[in-house]
Amino acid sequence: ETSHAGIVIFNPETGLFVDANPSYLSIVGCSLEELRQLTVQDITHPEDWAVQEPIIRGLRDRSRHGYQIEKRYNCKDGVTRTVLVAASVLPTDEVGPPLTLASVLDITDRKHAEEALLQSREELRMLASRIEEIREAERTGIVRELHDHVGQALTALKMDLDRLLSIPQGEGFDHSFVEGMTRLVDQTADDVRRLSSGLRPGL
């Protein structure tokens, strides 16, 4: 009666409940009189009953002496609660009904917390993926800018310098000065290519 865990006795032959403590009645949300009008199947989620029904059949023919299962209850208040059930057949004579005693823990809050954690992890994964997509788009944009603008400007500048070098060297015009500028342009072009290559995705 004072256990925090729900404790219930039911008859596997009929599926009807025989007795229950206050904690169990609180989980399912009904009185003992109301509970005694119900069967295990009545309060079990249909998808979970497909799993539990063969277990109950095993208790009925005494091929099973107990079980542990996680299942959902369809409670009187309309709420679906997830519970952990550990059950065992009570010692009775062979001709009597194989009454079963079950200890039931309400783990609904824990399941909700687990689902929220999984959802949070999935949202973080999607956020990280989106951030990486944005980074790749930014890299692609920078590479395009380097190639289309900086690269083309350097190419045009190199062509102008080459034209200057074609002018005969004379008084007031020193080829070495232009050659130094040409080397600087070539070095800058190499740097642009290296930066572009480093920004491109590996694939």
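The values are calculated or read from the model by the stated rules, or taken from the named source; none is laboratory data. Since the structure is predicted, the reported quantities are computational estimates derived from the model, not experimental observations. Positions of Cβ are generated from backbone atoms using ideal geometry, with glycine treated the same way; all protein chains shown enter the neighbour counts. Protein only, heavy atoms only, side chains kept; ligands, DNA and RNA dropped before computing areas. Shrake-Rupley method; radii C 1.70, N 1.55, O 1.52, S 1.80 Å.
Assorted remarks:
- A straight line joining the Cα centroids of the range 149-178 and the range 11-53 runs 93 Å.
- In this Cβ point-charge picture (+1 for Lys and Arg, -1 for Asp and Glu), the range 72-203 has a dipole of about 320 debye about its Cα centre.
- Candidates Gln68, Gln37, Thr92 compared by Cα position along the dipole of the range 1-125: farthest toward the positive end lies Gln68, with charges placed on Cβ.
- Crossing angle, helix 108-145 versus the chain [Cα axis fit, 0-90 degrees, rounded to tens]: 10
- Interchain or long-range residues, amide H under 5 Å from Ile107's placed H: Thr82, Val83, Leu84
- Ordering 20-33, 154-167 by mean Cβ neighbour count within 10 Å, with the highest value first, yields 20-33, 154-167.
- Computed over the chain: relative contact order in percent, which uses C-alpha pairs under 8 Å that are six or more apart: 16
- Amide H contacts under 5 Å for Gly66: Val89, restricted to partners 5 or more places along the chain or on a different chain, H placed in the peptide plane at 1.01 Å from N.
- Helix 152-166 vs. the chain, principal-axis angle (Cα, 0 to 90°, nearest 10): 20
- Packing-based ranking, highest mean first, of 4-13, 39-48 given that Cβ atoms within 10 Å are counted: 4-13, 39-48
- Cross-link reach is defined here as a Cα-Cα straight distance under 22 Å, omitting same-chain residues fewer than 8 places apart; for Lys111 the lysines meeting it are Lys71, Lys76.
- Per residue accessible area of the chain, 1.4 Å probe, in Å²: 65
- Share of carbon and sulfur in the accessible heavy-atom surface of the chain [1.4 Å probe, %]: 56
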